[in-house]
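What follows is one structure encoded as structure tokens, with my remarks underneath.
The values are calculated or read from the model by the stated rules, or taken from the named source; none is laboratory data. These numbers were taken from a predicted model, which means no experiment stands behind them. Please note: Cβ atoms are built from the backbone with ideal geometry, for glycine as well, and neighbour counts cover all protein chains shown.
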Amino acid sequence: MRRRLFTLFAVPVIAALAAAAPAAASTSYHEYVALGDSWTADVFVTLPPTTAYTPLDCAQSTSDYPHEVAGALGVETFRDASCGGATTTDFTQPQSLPLGGTNAPQFDRLTPTTDLVTVGIGGNDIGLASAVTKCLNVLPISTCKAKFTAGGVDQLENAVNATAPKIANALQQIKQRSPNARILLVNYLAGLPASGKGCWPVIPVADGDVAYLQAKFLQMNAMLARVAADNSVELVDTYTPTVGHDACQAPTVRYIEGLIPISVSNPLLLAFPFHPNGAGAAAQSEIVLGAVLGN
């Protein structure tokens, strides 16, 4: 069953990357390091996580976009440091994991000979994932926006602003550790409806709170774009091409999993709640590879 499910969502990824393969011959990289959180690791629940590069409880998938991009590029050396729950702190310090494992500082995978780095980080620094869970409500009544903006202080907006220098510092440290590397900062897929209108009770978050969370999501991606530009790093925009594939869409359309899978037999749903599913991983892979190859 696991092999069948993997085949169902892996074939489109492989086909898409194979279509770009001819261009790879003119873009040669030898040592690729991927850094990031769970939206980079693509934490699926249908297949056991890989332990090739990180502990089991990082929940890193063998078909996350770094693995697919590395395979398409044919790099000689590949290290995927991405780990569920990671923040910028975990770039330079060990990350303690829920099952007792420890992921070494992600920057430990960088070397002076690293020539390609992708970075997907920031959501956990800001606390957006936990914010979504705090907004779950059995009634379609907006309550969490008021909590996050009590006293006229927008906690999530402040967190976005506070995260910017952390990411900027991380990018500068990558440059110091791997001075010859091409660095791509990857933003976040379109997880919430662009309209700001939710889909309660399928995802039990009131429309007013969905609109607020979507606004913070856009602020986060805008911040990543500014930080990339300010630090002379390329931004890979996975958001714009994935609008319309948010968690409120039909199982065969959405790239981000909802709160509860509607059908466990559908491989597009087999991901942790509010994380990229198989189709989302395929989209990430195609977009990132296209950016690497200049498509």
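Checked against the criterion of being touching a strand residue (DSSP E or B) at 6+ places or on another chain (Cβ under 7 Å) and charged (D, E, K, R), the candidates Asp108, Asp80 yield just one match: Asp80. Of all residues in segment 20-39, none satisfies being over 29 Å from Asn124 (Cα atoms), at pLDDT 85 or above, aliphatic (A, V, I, L, M) and in contact with a strand residue (DSSP E or B) (Cβ under 7 Å, 6 or more places away or on another chain). Taken over segment 211-239, the criterion of being in contact (Cβ under 8 Å) with a residue 24 or more places away in the chain and within 17 Å of Arg254 (Cβ to Cβ) is satisfied by Leu213, Phe217, Thr238, Tyr239. Filter segment 261-295 down to the residues that are surrounded by fewer than 21 Cβ atoms within 10 Å (Cβ to Cβ), at pLDDT 90 or above and of a type outside the set (A, V, I, L, M, F, W, C) and list them by number. Gly290, Gly294 - these are the residues of segment 261-295 that are surrounded by fewer than 21 Cβ atoms within 10 Å (Cβ to Cβ), at pLDDT 90 or above and of a type outside the set (A, V, I, L, M, F, W, C).
Would you mind finding the one in Ala146, Ala164, Ala159 that is assigned to a helix (DSSP H, G or I), touching a residue at least 40 places away in the same chain (Cβ under 8 Å) and out of contact with any strand residue (DSSP E or B) (no Cβ under 9 Å at 6 or more places or on another chain)? Exactly one of Ala146, Ala164, Ala159 is assigned to a helix (DSSP H, G or I), touching a residue at least 40 places away in the same chain (Cβ under 8 Å) and out of contact with any strand residue (DSSP E or B) (no Cβ under 9 Å at 6 or more places or on another chain), namely Ala164. Are any residues in segment 53-76 free of Cβ contacts under 8 Å to residues at least 24 places away in the same chain and assigned to a loop (DSSP other than H, G, I, E, B), and if so, which ones? Within segment 53-76, just Thr62 meets the criteria.
Pairs linking a residue in segment 175-191 that is closer than 30 Å to Phe274 by Cβ and touching a residue at least 40 places away in the same chain (Cβ under 8 Å) to a residue that is of a type in the set (Phe, Trp, Tyr) and in a helix (DSSP H, G or I), with Cβ atoms under 9 Å and 6 or more positions apart or on different chains, are Val186/Trp39; Val186/Tyr65; Tyr188/Trp39; Tyr188/Phe217; Leu189/Trp39; Ala190/Phe217; Gly191/Trp39; Gly191/Phe217. Applying the condition of being touching a helix residue (DSSP H, G or I) at 6+ places or on another chain (Cβ under 7 Å) and of a type in the set (A, V, I, L, M) to segment 34-69 and asking which residue is farthest from Phe91 (Cα to Cα) yields Leu47.
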